[in-house]
Amino acid sequence: MFCHHLAIKVFHGSLAIALSLASLTVAAVPIHWADWQSSVDAREFSAFGTITRGTSSVSVTYVNPVGVSFIQTDGGGVDYWQNNRSGRDPATSPYTSSFVDNIPSGTDIIALKYAGTQSLRFSETIANPVFSYVSLNVNGYAFDQDFELLSFGDSSDGNDCGYWGCGTSYKNIVDLGGGGFEY
């Protein structure tokens, strides 16, 4: 998937996000996670971050017109990306898989709260963005572009569960008619 702009529609509850630049291949690759650096909360919530890969970087803007629960930047606060049994062990992390080599770096996180349409904008087109979440609280969200699930916290596969415990995820494709789909 090549992406310059991605719309996310959250249906209820909270969700936490991190992004990366990665080219998905047969083997796991290192993910370059977004470093959320600042936010603005005026009429709508906006957060600004950077994805750095070597000497190049891509700017990321997240916009949510109805606000968020909280944003955690610059390495402070709770580490929601740790495993519930073994801390930050990539070998057993629910955030790693045969496609994703590393756990989200730092403790940066944006916790969503309200249903509605949100967007991610990148300063340049990127291939295969990776989206990581901590909890959906049994709620749903939709994307305007198709995606693949790369891993989730399920102890039956030998991995630890996530910060809030084990769970599952699945993709449901909704035909909106007229050639439009929601994922």
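How high is the FRET efficiency between Lys171 and Ser38 when r is their beta carbon distance and R₀ equals 35 Å, given to the nearest 0.05?
Given R0 = 35 Å and the Cβ-Cβ separation, E is 0.65.
Under the Karplus relation 6.51 cos²θ - 1.76 cosθ + 1.60, θ = phi - 60°, what is the ordered set of whole-Hz ³J(HN,Hα) values for region 166-177, x standing for Gly and Pro?
Once θ is set to phi - 60°, the couplings for region 166-177 become 7, x, 9, 9, 8, 10, 10, 9, 10, 7, 7, x Hz.
Could you state the principal axis extents of the C-alpha atoms in region 115-183, from the largest down, to the nearest angstrom?
The Cα atoms of region 115-183 stretch 41, 30, 23 Å along the principal axes, largest first.
Could you give the length gained by full extension between Asp144 and Ser97, i.e. 0.36 nm per residue of separation minus their alpha carbon distance, to one decimal place?
Here the segment from Asp144 to Ser97 would lengthen by 14.5 nm.
Round to a whole angstrom and tell me the spacing of the C-alpha centers of region 91-156 and region 44-74.
14
Taking the mean number of other Cβ atoms within 10 Å as a proxy for protection, how do you rank 117-127, 51-61, 169-179 from highest to lowest?
Ranked from most to least packed, the peptides come out as 117-127, 51-61, 169-179.
Assuming R0 = 35 Å, can you tell me the calculated FRET efficiency for the pair Trp164 and Thr125, based on Cβ-Cβ distance, to the nearest 0.05? Write down the numbers at each step before the final one.
On the way: r = 34 Å, r/R0 = 0.97.
Calculated value: 0.55.
Can you list the residues, at least 5 places off or on another chain, whose amide H is less than 5 Å from the amide H of Ala115, using H built in the peptide plane?
Gly13
What full-extension length gain, to one decimal in nm, is calculated for Thr61 and Val78 as 0.36 nm per residue of separation minus the Cα-Cα distance?
My answer for the length gained is 3.9 nm.
Every number here is computed from the coordinates shown, using simple stated rules; none is lab data. Remember, it's a predicted structure, so these values are computed and weren't measured experimentally. Quick reminder, even Gly has a Cβ in these numbers, built from the backbone with ideal geometry, and neighbours come from all protein chains shown.
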